[in-house]
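Step one of this worksheet: look at the structure below.
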Amino acid sequence: MTEAARYQKLKEIVTIYLPEDVAVDMITEESHFINELNINSANLVDIVLDVEDAFDILLENEDMDQMQTVKDALAIIDTKLTKTS
Amino acid sequence: MSHRVVITGLGVCAPNGVGLQDFTHSLQHGISGIRFQPRLKQLQFSCQIAGEPLIKDNVLQQYFTPLQLRGLNASGLVYGVIAGMDAWKDANLPLAPKETPDWDSGIVFGTGILGADKFRESIYAIDQGNTRRLGSTSVMQVMASGISAYLGGMLGAGNQVTTNSSACTTGTEGILMAYERIKSGRATRMLTGSCSDSGPYLWAGFDSMRILPRNYNETPEKASRPMSATAAGFVPGSGAGALVLESLESALNRGATIYAEVLGGAVNSGGQRGSGSMTAPNSEAVVRCIEEAVQASGIHSADIDTVNGHLTATSKDALEISNWSQALKGVGTDFPYINSFKGLFGHCLAAAGSIECVASVLQIEKGQVFGNVNCEDLNPAILTLVDPIKIPRKTILHQPKIMAKASFGFGDVNACVIFSAFND
C-alpha cells in the first residue's frame, strides 16, 4: 500500500468521528485529533480499533498515547506494517 | 412559590404504534401490538409472544448521527431517544445552542436495565480476553442513565438530568419527580419518560417465574386479558413513552399547546409487610397511595371520572379494582370509567408507566376513553364492585375531566398521578 493510500484510508476512518461542524477537508497531516479536529477523546479508542481492523495491525497502549496527530498515526501504522511485512 | 404544571409535549414508541398518530389510532380501534416472537420459540420460552415496537431502519438516521449508530445495540435506548425527541419536538421546543446549555430544562428518564444486548456482546468479548476491543460505546449504552445522558446531550439540557428506576412504577414515578421539580420552581421544563429493552434477556426471568401466559403462542392478540376471568398472566413488552412537563407560565408565555394539567400525585411503598412482598403489592399501601394522590391534588375522590389501572392481566386484577374502589369510595355505576391498555401492548415493564400515561393524556385530548380488549368475560369478582358499563369494551366518547393513573412495581412500590383537562 502506498503512503497516499494509507493516508486516504486513515482519513476515511477519522471522518466518521468528526463533529458536525468540522469538515472533512479540514483534515491534514498536521491535524491534532483532539485540539484541532475536535474529536472526543473517548473516540480515539474507537479510531485505534478501526485502524487495527483496516490495516490488520495491533496497536499497544503506548502507541495510542503517542498518536496525537494524523502524522503520528501514519508513522505508527508505517512502523507496524514494516514490522509485519 | 408553587407553580402549576402542564403537559405540552408527548412522544411514544409502543408495540402497537411508533409516534402519536399510529399509537392513537391503535388505541382507538383496539389494534394489538402483541406478536409471536420466533426467537423466544427457538430459545424454548414457555411464553413465545411479546409486545415490541416496530422501528424502521431508516428512521434511526433521523434521531442518531452515523457515529452514534455505530455499534448501537441497546433497544431501550433507541426507543427512549425516539419517544423523548418526539415529545420535545411535539412541544415545539428548541434544542439548546451549541455553546450554552438550556439551564431551565431538565430530564428524568427512567429504565430498569439498559442495553442488555450490548452488555451481552461486551461480556462475550471480555470472557474471550478481548476487553481492549470493547471501544468507547459500551459504557454509555449499558449504564442505566445512558438514556438520560443521550437525551441530555441532544437537547442540551442544563437542569437536572437523571434516570430513576423503580421497576414497573418507573415511568409514573418519573412524572411526579419532574412535576415536583417544576412545581417548586427549580426547573421550567422537564422531559420525563421511561424505556425498556426488548428481547429474551429482559423477558426470560419472568418466563422462568411462570407468570406469563403459555397457551396463546398461536393467538398472540388474545393473550393479554386484563380484568378477564381468563386472565393468564402478563404479556412482556418493551418501548418508551415521554412527556414534556412545563410550568403553566412558561407554556402560556410561549403559546404552547396544553394537553393536560398534572394536579399532583403520590408515591409510596408497602414495605413488603402485611400482604406485600417483593412481587405482590400491599393493598393498604396501594389504597394509601391513591388517597394521598387525591389529597395532594386538592380534589375529592368523587371528582375522578376516569382511571387507568396498572391491571397487568393476572388474577390479581380483581384485588387492584377492590383497592381502587376502597380508595375512591365508589362502587357500581359510581365507579369511574376504567381501562387497562396492557390488553393491546402487554406489560412494557419499566416503560409501562410512561407509555400508559401518554395514552391516558391522549384520552383527554381526544375526549375519549379507549376500549378494553380481551375482557368480554369480565372477572366476576370485578363485577361485584364495578358496573360493566364503566369498563368500556369499545372506545367511547367521554371527555375525561379528572383522571387517575397508577403503576405498581416489584419491591412493593406504588405511584399514582392525577391529570386533569386544562382549564384556566
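Observations, loosely collected:
- Restricting region B:270-375 to GluC sites (Glu not before Pro) in coil, as DSSP defines it, with at most 12 other Cβ within 10 Å: none
- Computed over region B:5-253: relative contact order in percent, which uses C-alpha pairs under 8 Å that are six or more apart: 32 percent
- Long-range HN-HN contacts of residue B:228 with modeled amide H, under 5 Å: B:379
- Residue-averaged 222 nm ellipticity for chain B, from DSSP H runs of 4+ at -39500 (n - 2.57), nearest 500: -10000 deg cm²/dmol
- Normalised by the number of residues in region A:3-84, the mean separation of alpha-carbon contacts (under 8 Å, six or more apart) gives a relative contact order of 32 percent.
- Pairwise label distance in nanometres, residue B:21 with residue B:208, each label 7 Å out on the Cα-Cβ vector: 4.3 nm
- For region B:84-185, the list of GluC sites (Glu not before Pro) that fall in a loop by DSSP and count at most 11 other C-beta atoms within 10 angstrom reads B:99.
- Per-residue Cβ neighbour counts within 10 Å put B:25, B:3, B:310 in the sequence B:25, B:3, B:310, beginning with the fewest.
- Local charge for residue B:162 was computed over the other residues whose Cβ lies under 14 Å away, with Lys and Arg +1 and Asp and Glu -1, and equals 0.
- From phi via Karplus (6.51, -1.76, 1.60), per-residue ³J(HN,Hα) for region B:231-248 in Hz, x at Gly/Pro: 4, 10, x, 7, 8, x, x, 7, x, 7, x, 8, 9, 9, 9, 8, 5, 4
- Residues with amide H under 5 Å from that of residue B:263, placed H, sequence gap 5 or more: B:418, B:419, B:420
- Neighbourhood net charge (13 Å Cβ-Cβ; Lys/Arg +1, Asp/Glu -1) for residue B:67: -2
- Helical segments meeting 20 Å axial Cα length and Kyte-Doolittle 0.0 threshold in chain A (DSSP H): A:41-55, A:70-84
- For the options B:225, B:181, B:132, a Gaussian network treatment of chain B with springs between C-alpha atoms closer than 10 Å singles out B:132 as fluctuating the most.
- Computed from backbone phi with θ = phi - 60° and the Karplus coefficients 6.51, -1.76 and 1.60, the 3J(HN,Hα) list for region B:172-184 is 6, 4, x, 4, 6, 5, 5, 4, 4, 5, 6, 4, 7 Hz; x is used for glycine and proline.
- The mean sequence distance of close C-alpha pairs (under 8 Å, at least 6 residues apart), as a share of the length of chain B, puts its relative contact order at 24 percent.
- Kirkwood hydrodynamic radius of chain B, from inverse mean 1/r over distinct Cα pairs, in Å: 21.2 Å
- For residue A:81 and residue A:1, the difference between the fully extended length at 0.36 nm per residue and the C-alpha to C-alpha distance is 27.8 nm.
- Per-residue Karplus couplings for region B:389-394, computed as 6.51 cos²θ - 1.76 cosθ + 1.60 with θ equal to phi - 60°, are listed in order as 5, 8, 10, x, 8, 10 Hz, Gly and Pro entered as x.
- Among B:350, B:302, B:91, the largest mean-square fluctuation in a Gaussian network model of chain B, built with springs joining Cα atoms closer than 10 Å, belongs to B:302.
- Beyond 26 Å, the tail of the calculated P(r) for region B:5-253 holds 43 percent of the Cα pairs.
- For region B:339-417 versus region B:300-315, the gap between their alpha-carbon centres in whole angstrom: 6 Å
- Of B:123, B:49, B:382, the one that fluctuates the most in a GNM where chain B has Cα springs shorter than 10 Å: B:123
- The Cβ shell under 12 Å around residue A:31 holds other residues with a net charge of -3, Lys and Arg each +1, Asp and Glu each -1.
- Counting, for every residue in A:42-55, the Cβ atoms of other protein chains within 10 Å of its Cβ and taking the mean gives 3.
Rule-based calculations on the coordinates, nothing more; no lab input. Computed from a prediction, not measured in an experiment: that's the story for all the values here. Methodologically, a virtual Cβ is constructed for each residue, glycine included, from the backbone with ideal geometry; neighbour enumeration extends over all protein chains shown.
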